Amino acid sequence: MKPDISEFSYGFALTDELIHWHGLNLTAAPVFPSLFQEGQPGGGYDVRLDRPGMPLFIQFKLSHKMKRRSAVEAKRGLLKVPFYRMHLRPARHSSQHEMLIDLEQLGQEVYYSAPAFHTPQELNEAYLKHEVKIKSLWIKPSVIGALPDDGEHHVAFRLDAPPPHICSEPRRLDSSGSFEEFQGNVIGAFRKASEFGLHKENLLRVASAMTDIAEKHRHIAFASKRLSQRVLEERTPLERVAFYSHVFLDCQLFVVQERDLGKKAGLRR
């Protein structure tokens with residue numbers, strides 16, 4: 001069954017939960033390329049470059065629900081129905097997966113996230129219960145690995161029956177795909193990288209590398225890529241990273257930081 005929700009609505013609900021991140025003294029604030037004011041609160045963010053933090057990149061996906069035993073994964077005994085499929089963009093159409101792997105190889109935290117539900121009612125109930133993140137698959141592009149060909153590929157999963165599998169030729173992935181695993185990875189990365197993650201020198205390094213990665217985008221013309229470079233030279237490093245994340249990699253940039261516990265409790269849920 002095809003998803004009956006949009007990536008926008010799923011991304012909104014998931015972003016809201018990461019901003020508030022119940023149970024942890026962390027928050028993941030979304031960063032957009034055109035509104036950021038360096039070092040100042042406001043504009044929809046809670047990002048301070050003078051505080052420890054690190055970038056986090058998430059590509060929101062949707063899921064198709066598989067209910068029939070004729071599905072390949074069910075016939076081969078890999079997963080019982082119902083289960084979900086998160087489809088990857090075929091390499092013949094897009095270099096997104098390859099670019100996300102490149103970004104991860106820079107030492108960045110990069111994830112696909114896809115819901116284990118597909119209807120507006122399920123999304124609404126998960127959102128009201130603050131369960132969108134735990135009812136989602138979290139998987140690193142590097143765990144999936146390079147796509148073997150230009151054909152169709154997807155990740156098949158059930159959150160209650162890990163591990164997920166990459167298909168068309170099924171292969172078990174070395175990950176549970178759970179939010180708990182994602183959260184543990186982010187906490188570990190934060191402890192290692194937060195002291196320098198938002199330093200200007202580091203963000204300049206990431207922005208420069210993302211400029212090179214963006215050269216692999218197949219549907220943005222060479223002249224347009226050069227124009228992007230010239231215009232972005234006047235922007236802050238974090239804006240440059242956000243621009244390439246949104247426009248070239250089609251993923252959301254977050255900045256993970258510890259909460260400002262001095263803020264009024266009324267601003268938090």
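Laboratory data are not the source of any read-out in this text; all were calculated from the coordinates shown. Only a predicted model underlies this, so the values are computations on that prediction, with no experimental measurement involved. Glycine gets a Cβ as well: all are built from the backbone with ideal geometry, and neighbour counts include every protein chain shown.
Amide H to amide H distances under 5 Å link residue 26 with 259, where only residues 5 or more positions off or on other chains count and H is placed in the peptide plane. When a/c is below 1.5 the answer is rounded, else prolate if a/b is larger than b/c, else oblate, so apply that to the range 142-195 with a ≥ b ≥ c taken from the square roots of the Cα gyration tensor eigenvalues. Oblate, since a/c reaches 1.5 and b/c is not below a/b. Summing charges over all other residues whose Cβ lies under 14 Å from the Cβ of residue 213, with Lys and Arg as +1 and Asp and Glu as -1, gives -1. In summary, the aspartates and glutamates within cross-link reach of residue 225, defined as a Cα separation below 13 angstrom excluding same-chain residues under 8 places away, comprise 212, 215, 233. In a fully extended conformation the segment linking residue 234 and residue 174 would gain 17.4 nm over its present Cα-Cα distance, using 0.36 nm per residue.
Does the chain come out rounded, prolate or oblate by the C-alpha gyration tensor, with a ≥ b ≥ c the root eigenvalues, rounded set by a/c under 1.5 and, if not, prolate when a/b is larger than b/c and oblate if not? Oblate is the answer for the chain, as a/c is 1.5 or above yet b/c matches or exceeds a/b. Filter 2/80; 67/216; 65/129; 65/133 down to the pairs with a C-alpha to C-alpha distance above 29 Å, please. Where the Cα-Cα span goes over 29 Å, the pairs concerned are 67/216.
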